[in-house]
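Here's the structure we're looking at; comments come further down.
The values are calculated or read from the model by the stated rules, or taken from the named source; none is laboratory data. The structure presented is a predicted model; accordingly, all values stated were derived computationally and were not measured. Virtual Cβ from ideal backbone geometry, glycine too; neighbours counted across all protein chains shown. With ligands, DNA and RNA removed, areas are computed over all heavy atoms of the protein, side chains included. Shrake-Rupley method; radii C 1.70, N 1.55, O 1.52, S 1.80 Å.
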Amino acid sequence: MATGQHLTQKQISAWMVGERPSEAIQHMRSCSACEAEVLLFGTTLLDFRGAVREWSRENTTSAVIPGPAIHDRPIFSLNRAFLVMAAAMICVLAGVSWRMQHSPAPAVSAISDRALMSQVDDQISRTVPTAMEPLLQLVEWQRDGHADASEPVSSGMVVKENAQGAAN
């Protein structure tokens, strides 16, 4: 806050609710005009509080006025039960109707079932999964089902040589 400037209404309101930054405290100590403004505002608030309390005492009656009863009508009634059952039946029928309209035809379902079984059959009958087929090209297989590790593979991969080849 620059010297020579007074507190704004916002700063005075903040002062009244307890927000008092150090700049505002220093300004209040040195500026009698702002101090007077804060005192006037505080006095006005106190007068207002007193007026509200006095009005409240004068206009409050000691008799308690009963409020409406909470359970004037029964919670469960036959009409309400019929409405709930009718709404439930409508929801069920709408769901069944929608399901019947949007279900695939049995012929289409049978075709897709056969195609799926064919794919599963192809995958199960393979000796090596499709994703591992490129690895088969790296190893030469013998007729008995074992890999032949005595000859290096032509792709440049390193293959363990047998003990006789290592001794040479």
Residue, nearest to the chain's Cα centre (by Cα), within region 86-117, restricted to residues that are of a type in the set (Gly, Ala, Ser), at pLDDT below 80 and assigned to a helix (DSSP H, G or I)
Ser109
Test: Asp122 is open to solvent by less than 100 Å² (accessible area, probe 1.4 Å) and at pLDDT 80 or above:
yes
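Conditions tested, residue by residue: (1) within 47 Å of the chain's Cα centre (by Cα); (2) aliphatic (A, V, I, L, M); (3) exposed (fewer than 10 other Cβ atoms within 10 Å of the Cβ); (4) modelled with pLDDT under 85.
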site	(1), (2), (3), (4)
Thr3	no, no, yes, yes
His6	no, no, no, no
Gln11	yes, no, no, no
Arg20	yes, no, no, no
His27	no, no, no, no
Ala33	no, yes, yes, no
Ala36	no, yes, no, no
Gly50	no, no, no, no
